[in-house]
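So the structure is just underneath, and the comments pick up after that.
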Amino acid sequence: MRYVFPPPAVPSVAVAGSDARFPVRRIWCVGRNYAAHAREMGMSDREPPFFFAKPADALVEDGATIPYACATKNLHHEVELVVALGSAGKDVPVARALDLVYGYAVGFDLTRRDLQNEAKKDGRPWELAKAFDRSAPCSALVPAAVIGHPKSAAISLTVDGQPRQASDVSEMIWNVAETISALSRYVELAAGDLIFTGTPEGVGPVLPGQVLVGSIAGIGTLRCTIEAAR
Ligand code: MN
């Protein structure tokens, strides 16, 4: 194959305990998948979750320092369980959905909340609020072959050591298998797809110079520093 310019590098995520990396194809995200977070966003907790996407090159490595996102005055943290798919599926039954899972990680769905609120108000798409550069920090993946498929695990996020979000992944409205199954009815899933499964309550602003630390018991931690203002 001859390209008119060199193609960009394949986005990828580290794998815990391995020097091989997980190549990323697509990033899907679930909206409002924890009832208490749906309520804090002003919605009832009975609406079914829905999906949006981020570009794969929005990924950020654990431990990175990133600039405060441009074009926002209200950058928010959302800590999430990330599911990485190791095989393909379409119209996947819930009972077989976990067979697609390669592993799990901790992710941040960084959000320009002011732009998201404007988009909601005007009935416009969410891309510029969600799918911006460096909006998807993600920890190393732990393979399901090593840890299995956690049904419950404490999930939390601190900002400069202060607790902001704390819940359990068992609180998700749609669990991992149901999420994969539902998404697979809209798009073909394939190895390399990541699914950010939604955030619990306690989202809030992060400021220049602050350090975000997310953790999910049995899966790992994710640390991200927002560059100090110059
Ligand atoms: Mn989210």
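Suppose every K and R has +1 on its Cβ and every D and E has -1 on its Cβ; what is the size of the dipole of the stretch 12-226 about the Cα centre, in Debye to the nearest 20?
Dipole about the Cα centre, nearest 20: 260 debye.
Only four residue types carry charge here, +1 at the Cβ of Lys and Arg and -1 at the Cβ of Asp and Glu. Report the dipole size of the stretch 178-230 about the Cα centre in Debye, rounded to the nearest 20.
200 debye
Using +1 at the C-beta of Lys and Arg and -1 at the C-beta of Asp and Glu, which of Ser135, Asn33, Met43 has the Cα lying farthest in the positive direction of the dipole of the chain?
Ser135
Picking from Val146, Val159, Val24, which is most flexible by a Gaussian network model of the chain using Cα springs under 10 Å?
Val146
Summing Lys, Arg as +1 and Asp, Glu as -1, what charge do residues with Cβ under 9 Å from the Cβ of Arg185 carry, Arg185 excluded?
0
Leaving out ligands, DNA and RNA but keeping every protein chain, what accessible area does Arg164 have, in Å² rounded to the nearest 10, with a 1.4 Å probe?
Here the accessible area works out near 90 Å².
When only Cα pairs under 8 Å and 6 or more residues apart are kept, what is the percent relative contact order across the stretch 12-226?
Once normalised by length, the contact order is 33 percent.
Among Gly202, Val169, Leu212, flag the residue with its Cα farthest along the positive direction of the charge dipole of the stretch 158-224, charges on Cβ as +1 for Lys/Arg and -1 for Asp/Glu.
Positive-most Cα among the choices belongs to Leu212.
Assigning unit charges at the beta carbon (Lys, Arg +1; Asp, Glu -1) and nothing else, what dipole magnitude in debye, to the nearest 20, does the stretch 1-109 show about its Cα centre?
360 debye
For the stretch 18-108, which GluC sites (Glu not before Pro) pass both filters: DSSP loop (anything but H, G, I, E, B) and at most 10 other C-beta atoms within 10 Å?
Hits after loop and neighbour filter: nothing returned.
For the stretch 12-226, what does the accessible surface come to per residue with a 1.4 Å probe? Please give it in Å².
43 Å²
Once a ≥ b ≥ c are taken as the square roots of the eigenvalues of the Cα gyration tensor of the stretch 102-230, is the result rounded (a/c under 1.5), prolate (a/b larger than b/c) or oblate (a/b not larger than b/c)?
Oblate, because a/c is 1.5 or more while a/b does not exceed b/c.
If you average over every viewing direction, what projected area does the convex hull of the Cα atoms of the stretch 36-115 give, in nm²?
That works out to 7.5 nm².
Taking the C-alpha atoms of the stretch 46-88, how large are the radius of gyration and the largest Cα-Cα span, Dmax, in Å?
Cα only, the stretch 46-88: 14.1, 39 Å (Rg, Dmax).
Just read off the accessible area of Tyr3 with the full protein assembly in place, 1.4 Å probe, to the nearest 10 Å².
Solvent-accessible area, nearest 10 Å²: 140 Å².
What is the Cα centroid distance between the stretch 112-131 and the stretch 17-42, reported in whole angstrom?
Each part's Cα centre sits 18 Å from the other's.
Counting only protein heavy atoms and a 1.4 Å probe, tell me what percentage of the chain's accessible area is made up of carbon and sulfur.
Percent of accessible area from carbon and sulfur atoms in the chain: 54.
Between the alpha-carbon centers of the stretch 75-108 and the stretch 137-187, tell me the distance in whole angstrom.
8 Å
Go through Lys54/Lys121; Lys54/Lys90; Lys120/Lys151 and tell me which ones have a Cα-Cα distance over 30 Å in this structure.
As for pairs spanning more than 30 Å Cα to Cα, those are Lys120/Lys151.
When the C-alpha atoms of the stretch 12-226 are aligned to their principal axes, what extent does each axis show, in angstrom, from largest down?
42, 38, 28
The values are calculated or read from the model by the stated rules, or taken from the named source; none is laboratory data. These numbers were taken from a predicted model, which means no experiment stands behind them. Using ideal geometry, Cβ is built from the backbone for each residue, glycine included, and neighbour counts are taken over all protein chains shown. The accessibility values were calculated without ligands, DNA or RNA, using every heavy atom of the protein model including side chains. Shrake-Rupley method; radii C 1.70, N 1.55, O 1.52, S 1.80 Å.
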